[in-house]
1. GNM on the chain, C-alpha springs below 10 Å: top fluctuator among 65, 73, 106?
2. For the range 3-74, report the convex hull volume of the alpha-carbon atoms normalised per residue, in Å³, without decimals.
3. Give me the one-decimal nm value for the distance between modelled label points at residue 36 and residue 143, 7 Å along each residue's Cα-to-Cβ direction.
4. If you bin every alpha carbon distance in the range 43-135 into 5 Å steps from zero, what whole percent lands in each bin?
5. Quick check for you: which residues of the range 68-109 have the amide N under 17 Å from the point 7 Å beyond the Cα of residue 49 toward its beta carbon?
6. Modelling each spin label as a point 7 Å along the Cα-to-Cβ direction, I'd like the residue 56/residue 4 distance in nm, to one decimal.
7. So, how do all the Cα-to-Cα distances of the range 1-155 break down into 5 Å bins, in percent, from 0 on up?
8. Whole Å is fine, so just give me how far the alpha carbon centre of the range 68-133 lies from that of the range 148-176.
Ligand SMILES: N[C@@H](CCC(=O)N[C@@H](CS)C(=O)NCC(=O)O)C(=O)O
């Protein structure tokens, strides 16, 4: 079985796998979808045009939830508990809304905070952060496994890309980021090094 992970060095979704696949040999193929030729490469393997993509013996598997489930099954890694399924879904939802707002900002699209869509998005963001804070406080993310890696990659990216402020994260999530940053692969995959 050969693995090739397609992604960028700044993507928080890709970073999860660069940490999670610590004990699984793979090659990293840098795909920066903002470059036309690399975006064409991405489109040729994933019609959704999103990273990460895992090429398994040359065959593409996309969507991080599918990739992690495949790796859990194939490499005898611990499957998610029901709490962890919810935690990962909440992290994914937070990550998605932060990426959408980053892409809107980057393309110069105005964000009207009175508009119903953005009001609902801001409410979702606030509720998810509060839920994740509760899960961390309850000790559900103490194990350095995919859920903790995903949360760390998302929160650290949100600070790196100025999509959330330390005040919005609050002391519990900030402490979680600080403690996770001491993991070897967390340091090695820091997007600020890209
Ligand atoms: N649902 C996807 C989301 C992945 C995703 O949003 N990746 C971002 C980079 S971090 C991306 O490829 N964005 C390109 C785009 O949205 O056009 C997953 O879980 O893998």
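1. 106
2. Per-residue hull volume (Cα only) is 81 Å³.
3. 4.8
4. Binned Cα distances yield the sequence 3, 11, 16, 18, 16, 16, 11, 6, 3, 0.
5. Residues 99-109 qualify, since their backbone N sits under 17 Å from the label point.
6. Inter-label distance under the simple model: 1.7 nm.
7. Reading upward from the zero bin: 2, 8, 17, 20, 18, 16, 11, 6, 2, 0, 0.
8. Result: 12 Å between the Cα centres.
No lab work stands behind these numbers, since they all come straight from the coordinates. These numbers were taken from a predicted model, which means no experiment stands behind them. Reconstructed Cβ throughout: ideal geometry from the backbone, glycine too, with neighbour counts over all protein chains shown.
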